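Worksheet: one structure, shown below.
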């Protein structure tokens, strides 16, 4: 793995490195960690990398790594820069034969996203977008139960992703994560929408297997002097006739990382919250409520495969994130061995849908919440 | 108290009688419980009423009770019939000098609701609408905290009221509660909307003290052959600039009576769920989360006054309901003693707003979720 | 019902009256509420009783009521005085043909308790001890599941009853409930032990159907200048070979009314907490965890019979308490109608076992926690 | 790090490797993973170790590694074998100048444990025992609050550690973890006692800072044909006068890994459960309940230092375990740099106390639960 961005002090870079490392399948071998070669080398040194594998730019890294013998060079790039710096390195990596892991939202525009989809197809390189919540064992259990028809046809979906860290003008304090997220040049057209709304969209699409058809959105800006949304409410309609709602916010004072879905089918419902990820509540028309737990009784194989330790030993955010990396690594290992198997991780297609979602929400909100299709 | 409706086998009639009786302030003295005099007398007998106080019609009850000496006759009527039979008895009771307790939604039309508001003003009779959830001690604590500015200005409100009992075609089995609720002649223009959506509207209006300005609604009908909504999602805008969402359903399979709000202000948030009513979660920008409990530490007086027993001894649905009756009784006692005090219960004005809400939601949904004002 | 004790300002007297009244089966018709006739009449007046039915002593009440015609006089006495005043009125009531409801612990000594058991048998009068927690629907569900063998043989029982209200020297402030509870003349040999330890003992005996054989106890006194225990830990052995532990306390700072059991059988376990009484958690060797709720799916008839309102509408402390009164009333009604049915409520035998338990615990604790049999 | 035990298929070896690796401070460089050199090399290969660093015995590993240049050889051994194989390699490692990480219980006998304490002192090598639960951020917050006097003097401690995986005769199926744990030759005198009772003892000693003085124990054996305890209940007395109880079990059917403490002081209490580790409940005499979360508001520095990711992003078992390794590594790095700092991890002294605890419990239980001192 070669990392682009994620120098010292970066929250998400460290998360990616820990997540990639947990299962012992992936080694960090090089990086273009920062905007200057000096900073990049300093980060690399702290990560026990040789200076020769610390690059000043992603272009240099891709070019130089390509020259190395196959067994030495990086297998894939992991792009953990702010949003506006996803597209170019992703494109270049694909064009030079490297697989790609890219943070979300994948690109700033739908056109860029479509370009990456096509390029991934053309080059045959695999591409993961790090929506990490589908990596959680109980999310996989939910998906498997619904796919298996245990809830009957899905009728209603409620999802929320609520944080409070932008309740105050934290960006005025120079807080790094806040500063770029409120800047449309770096973040794109969505604020909280792009940062966490896309996770909510991805999560319900993954769990239900439904196609979101159109949305009606009301974005809000509560922080003084902000230009991007820090809050949003949505109505949802799915192609199968299901309806639903989404609420996301980064001004939900006191909330930490409250991402939760409720999915209702004809026969029952499933409720999950990422702050207590090791528990999936199922409710039924005609049976007592049931609670599933990782490595617990009567799970689907997909859920069992996503746990590392015995039931009752909590796994968390990093382990779920690691499952994205693990399946990505298993996928390209399988490819190299010529095996036709499909490991489960969010793909470039999911990334495209996320960008479509962002743009549809912004358009709807600008049109006083008119119903707007994701693809038009 | 003289009851209209609520004969043997009625769920809600029994709830009203228990709630009215708990605090020893109100006696059931007469009733027009059913559509025939025989059934009404049978119900009355089971309730230990003398046959002379069991009436065949509400008109007869109002006329005959009026003839009794003041200390003997009923003080007020409690109307617990299906929705289409609220307006006429309420009007007649007011016109004949009786106070009124009326189930929700108060009337089928906005015009009827306005008539009752005016009549209540004109006659000086007090009028309670039995939105019972504001009777819960922790709901009163939430309202008091917000009124006291502890959360700062309110920015966001999420509320849901989810039930699953209409997930299947229970009405086809002859289930009494289901049968009239799906019939627009008896229920009015709203299905789940009128039955529980109005509770959600009332709850957030009570807790936040905000005025709901406009809504964008998407009603759903999932039960085969139904003509009224059994599900709905709403976007909310309040006059102070706050935004929010509402989700209600009676096809949320497996849900029992999941009514919950989350209110976000500048400084903190409050979360409450009526299935665990004895706990109010507060979350803060700069303090650890706090949990308030009935009769627990550091409550506002309004919350303390609503509890009967020491902290840790759970009170429930009936006790919250009883608080509506208790405050209603204390109010008319105070009136008779000439005291100018205001006890806290949902009034005819709340009832009017609930009916306005129903009609605005239906109108918005018919206009493909266009933003629609509550009063126009 | 004629009440002994429970004058104005009494917590438990009010609870008994509300609980007895909820279901409309029992009327308060007379009382000897206080130590003087004036106070008793004042209490009676506030309860809308005629002065003629307010008595100065329990002896007078029993004698005078006995003279009234059968359809007028009280059916039973309800004794809600401090512990040292349970035995004499209970005895006199039985001797004069009245049924008895008595607060716990039933008597100060085992001999007194045995006397009441014999007298109840001899007179054929029924006798309820108000252990209210077995009145909770989910406790009845637990008992029915265990009786039905769903857990297999019971192996382990953990129970705790934790309160914090005696953490500080509240008795020094003149707080009425505290003052008599810490006084061995009024409370008997047990402090927290008699007040809440007996509830814990009764609850697990009821739920498991097991016989507690011997205990090893370590009582503690943490409040300055107290002479009775305010804390205790116990080891438990049951006659079937099951083992367990009990912890009770009134100096568990910050606890409100945390009564909870965990029962483990060969196949599964059940966990319940009275602060969230409307939920019973079942855990299994080979199935997902399940949650039962009042009036929810797949309950035993005993649990269904103990709920008044639809699932999801919480019932609480008063409703559970009311179930003791309701079944007591149904029992003596059945007796009068000559029907041989057994309604489920804590009897004089349970009261005797509670007193035996208190004395065994005190004895064990005095013997440095030596194993001590309940009956010896 | 050189690992002793933990070959392929070992649960705990894998946990140790992941935990040691998360923070990028520790590399696995060699191992004596299994009882044969072939198996050891196979495990090493799967872990990407060169064959030269895979040894057939721990003796060989210690001898050979010692010969390597300082910057190449392992810094410490990590011993993850069954209990009976802890002492000899730990002793040899210390004697040869290596630091030691050792699984719990540290040794089979008190004498062995004392030997290791003395040897660690004499050699100046540091020694960690992997009680992982003190690694949890909210456990550190609890310890810091108590040390800071926020609860006042501690009066009462309840702890339980409940698992159900030995409810059935799983050892008869050849399950590896079960087989050695029920064998006194490998496990020592304690069964569940040694395996999880010691964790419970360590946790409350760590959190409260109190010294456990004596215990009264009742061990149980419920599994057919077992000779070691699979269940136990204890009374606890601390040197400061506090009292308490402990319950542990591996036949608590349906429980997964339910380790929980409740600590009561004069002013308040703290409750934590490792199945929901990211939440610490505080209850107070005179304030609302509070909930602390990792990286949340108003934490002590010790708690903050133990979290890796923002509040609301759950960390779990592995991350807590990793904190033991991290602090151990920081400690020996500091030693090498000559810095006098004390990082917080369970030491050889904690290991000794754990072994004393096991023997005291067994002795008490054999003496029909007589009070027994930990050190005698």
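The values are calculated or read from the model by the stated rules, or taken from the named source; none is laboratory data. The model shown is predicted, which means the values in this text are computed figures rather than measured ones. Here the Cβ positions follow ideal geometry from the backbone for every residue, glycine too, while neighbour counts run over all protein chains shown.
Data table
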{"item": "Residue C:372 vs. criteria within 14 Å of chain D (Cβ to nearest Cβ), surrounded by fewer than 24 Cβ atoms within 10 Å (Cβ to Cβ) and touching a helix residue (DSSP H, G or I) at 6+ places or on another chain (Cβ under 8 Å)", "result": "yes"}
{"item": "Residue within segment C:330-344 that is surrounded by 24 or more Cβ atoms within 10 Å (Cβ to Cβ) and touching a residue at least 40 places away in the same chain (Cβ under 8 Å) present", "result": "no"}
{"item": "Segment B:154-180: number of residues that are more than 11 Å from chain A (Cβ to nearest Cβ), closer than 23 Å to residue A:158 by Cβ and without any contact (Cβ under 8 Å) to a residue 60 or more places away in the chain", "result": "0"}
{"item": "Residues of segment A:235-255 satisfying the condition of being surrounded by 24 or more Cβ atoms within 10 Å (Cβ to Cβ) and out of contact with any strand residue (DSSP E or B) (no Cβ under 6 Å at 6 or more places or on another chain)", "result": "A:250"}
{"item": "Enumeration of residues in segment B:221-234 that are surrounded by fewer than 24 Cβ atoms within 10 Å (Cβ to Cβ) and within 23 Å of the chain's Cα centre (by Cα)", "result": "B:228"}
{"item": "Filter pass, residue C:151 being under 27 Å from residue C:306 (Cα atoms) and within 13 Å of another protein chain (Cβ to nearest Cβ)", "result": "yes"}
{"item": "Residue list for segment A:237-258, filter: assigned to a strand (DSSP E or B) and either closer than 25 Å to residue B:266 by Cα or within 7 Å of chain B (Cβ to nearest Cβ) (or both)", "result": "A:243, A:244, A:245, A:246, A:247, A:248, A:249, A:258"}
{"item": "Residue identified as at the interface with another protein chain (Cβ under 7 Å from one of its Cβ atoms), at pLDDT 95 or above and touching a helix residue (DSSP H, G or I) at 6+ places or on another chain (Cβ under 7 Å) among B:313, B:300", "result": "B:313"}
{"item": "Residues (touching a helix residue (DSSP H, G or I) at 6+ places or on another chain (Cβ under 6 Å) and either closer than 12 Å to residue D:347 by Cα or modelled with pLDDT under 95 (or both)) located in segment D:106-129", "result": "D:106, D:113, D:116, D:117, D:120, D:125, D:126, D:127, D:128, D:129"}
{"item": "Flag if residue C:141 is under 20 Å from the mean Cα position of the chain (by Cα), farther than 22 Å from residue C:265 by Cβ and either in a helix (DSSP H, G or I) or free of Cβ contacts under 8 Å to residues at least 24 places away in the same chain (or both)", "result": "no"}
{"item": "Positions within segment C:206-220 being surrounded by fewer than 23 Cβ atoms within 10 Å (Cβ to Cβ) and in contact (Cβ under 8 Å) with a residue 40 or more places away in the chain, in sequence order", "result": "C:206, C:209, C:210, C:213, C:214"}
{"item": "Residues satisfying the stated conditions in segment C:354-366, i.e. buried (at least 22 other Cβ atoms within 10 Å of the Cβ) and within 26 Å of residue C:321 (Cβ to Cβ)", "result": "C:354, C:355, C:357, C:358, C:361"}
{"item": "Odd one out for residue A:338, checked against (1) over 30 Å from residue B:263 (Cα atoms); (2) modelled with pLDDT of 95 or more", "result": "(2)"}
{"item": "Restricting segment B:259-280 to residues that are closer than 18 Å to residue C:276 by Cβ and more than 8 Å from every other protein chain (Cβ to nearest Cβ), the residue that is surrounded by the most Cβ atoms within 10 Å (Cβ to Cβ)", "result": "B:280"}
{"item": "Residue under evaluation residue C:149, criteria (1) touching a helix residue (DSSP H, G or I) at 6+ places or on another chain (Cβ under 7 Å); (2) closer than 30 Å to residue C:294 by Cα, criterion not met", "result": "(1)"}
{"item": "Every residue from segment D:281-297 that is within 9 Å of chain C (Cβ to nearest Cβ) and either in contact with a helix residue (DSSP H, G or I) (Cβ under 7 Å, 6 or more places away or on another chain) or in contact (Cβ under 8 Å) with a residue 24 or more places away in the chain (or both)", "result": "D:282"}
{"item": "Options C:14, C:23; residue that is at pLDDT below 95 and closer than 25 Å to residue B:44 by Cα", "result": "C:23"}
